[in-house]
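These notes concern the structure reproduced below.
Bear in mind that the values in this text are calculations on the coordinates, not laboratory data. Note that the structure is predicted; figures quoted are calculated from it, not measured. All Cβ positions, glycine included, derive from the backbone under ideal geometry; neighbour counts span all protein chains shown.
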Amino acid sequence: MNYRPYLLLAELTHSCPLHCPYCSNPIVYPGGRELSTAEWRRVFEEAAQLGVLHLGFSGGEPLRRADLAELVAAARAAGLYTNLITSAVGLQRRRAAQLREAGLDSIQISFQSDQETLADQIAGASAHALKLEAAKVARELGFPLTVNVVLHRGNIVRLEQIISLAEDLEAERLELANAQFYGWAFQNRAALLPTRSQIARAVEIVAARKKQLLGRMEILFVTPDYYSERPKPCMNGWATRFLTVNPVGDVLPCPTASAIRGLRFDNVRTRPLAWIWSQSESFNRFRGTEWMPAPCCECPMREIDFGGCRCQAALLTGDAAATDPACSLSPHRQKLASFVESVQEDPAANRPFAAGLGRLSFRQNPH
Amino acid sequence: MISLDAQSRPALARGVRLRNDPITGEPVLLFPEGVLPLDAATHDILIRCSGQATVASIILSLAEEYETDPGTVRADVCECLAQLRQRMLVAISS
């Protein structure tokens, strides 16, 4: 099988003005210098030659890189579509206009909630007002706008109002991303996972609003895998379409792959991207179906869900090659099921977010 | 909400780009959240979505291209445009 990457996620820095407790950034940041402008330019050119068509600038907060406009121009010159994935802190009119000029195609802004107080509590920073302003600027400059909201127990009760906020901002898309439990989110999962009835209610709300907003705003919502019988087809299969390059130049098959202990990642400073994609140990480790244990290897779903998520298998079972416990056929399903049940019985599950702040560890920046 | 009808004038939505994949030579649609490889029929429809042409005239143009009558292509064209619109890849004005 010939694999070819379509999308590159460029994590420009791990520094971020927000401290969201569900951040998927690693708890232990990789050491080393951030890639320079020239090094990123080379990465974009190599990625384009390899087949990448679409680039997401992410982080941390990509606006913290003073050379962002230069990097956008470099990516466009390499022929890539460019999407900025941002907290919007630092996206003042002048900066946004500069990015437009450089050829930036689209902007995705994260929101934590519709209410300023709650949103800023979740972010661990005063950011909500700045986001509202930045979203307005983005529209005025003609950017297509995606609003991304990570849903968790602290904001899922505001879902109706969150959808209305995205509608008022005239976003083309609203990504309602159920918190996925990696990095900081994994540490905080007991406080973040919504209850079964909260999810059921969210599914109803989304279905109704999708219909109502058809042709004006696309709403993306996937039932969280902790409440599914089958695992998610993570990354559409290991190392089949996506590449992530982290701030120090390590190349990962998915943004959270550093959660897998013992997996060594090659670096763009020492290897060509094409070699890493096709030859490296980390990219080949879980490609195809040959690595699969039972019950995956005999499962008719094995080329549909690919055994689920390797990072989740590693986090929950200690073995990245195990069947994802989000699958009801996993021998480790009970580990996930008993956690999910404990949340249903948690007396704190229906208390306001602010009452549980003490239970959370908020994301820290690299030193 | 503006509904999709014969007099609608579809165009690529804001931030959506149509280009050829340099690796395969096949057409792809690039949009804020990803890449969509296009089949020939969808591509034929999209290159006619100028924002000027109505759905009715797009159907006529395609029927001519495929040397068939408009009734044969109408349902497929409307279904395809409705799906693209649902994903905010095509926008319409009347």
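General observations
- Nonlocal amide H pairs with A:Ile219, under 5 Å, H built at 1.01 Å: A:Leu174
- Along principal axes, Cα extents of the stretch B:9-93, largest first, whole Å: 35, 29, 19
- Legend: ranking of residues B:Ser8, A:Ser106 from fewest to most surrounding C-beta atoms inside 10 Å; resulting order B:Ser8, A:Ser106.
- Here the label points at A:Thr270 and A:Ser342, each 7 Å from Cα along the C-beta direction, are separated by 3.9 nm in the simple model.
- Under a model in which nothing but the beta-carbon of Lys, Arg (+1) and Asp, Glu (-1) is charged, chain A shows a dipole of about 200 debye around its Cα centre.
- Each peptide in A:341-350, A:262-271 was scored by the mean count of other Cβ atoms within 10 Å over its residues; highest first, the order is A:262-271, A:341-350.
- Phi to ³J(HN,Hα) by Karplus 6.51 cos²θ - 1.76 cosθ + 1.60 over the stretch A:213-223, Hz, x for Gly, Pro: 9, 3, x, 10, 8, 8, 10, 10, 8, 10, 3
- The Cα center of the stretch A:84-123 and the Cα center of the stretch B:32-88 differ in position by 34 Å.
- Here's how it looks for A:Leu151: its modeled amide H is under 5 Å from those of A:Ala177, A:Asn178, A:Ala179, which are all 5 or more places away or on a different chain.
- Legend: ranking of residues A:Trp291, A:Trp40 from fewest to most surrounding C-beta atoms inside 10 Å; resulting order A:Trp291, A:Trp40.
- Per-residue 3J(HN,Hα) values for the stretch A:227-237, derived from phi via the Karplus relation 6.51 cos²θ - 1.76 cosθ + 1.60 with θ = phi - 60°, read 10, 10, 8, 10, x, 6, x, 4, 6, 6, x Hz in sequence order (x marks Gly and Pro).
- Cβ-to-Cβ counts within 10 Å put A:His152, A:His19 in ascending order as A:His19, A:His152, the fewest first.
- Built amide H within the under 5 Å cut-off of A:Leu145, gap 5+: A:Glu172, A:Arg173
- Rounded is the label for the protein assembly as shown. Its Cα gyration tensor axes, ordered a ≥ b ≥ c, give a/c under 1.5.
- From phi via Karplus (6.51, -1.76, 1.60), per-residue ³J(HN,Hα) for the stretch B:24-36 in Hz, x at Gly/Pro: 9, x, 7, x, 9, 10, 9, 9, x, 9, x, 10, 10
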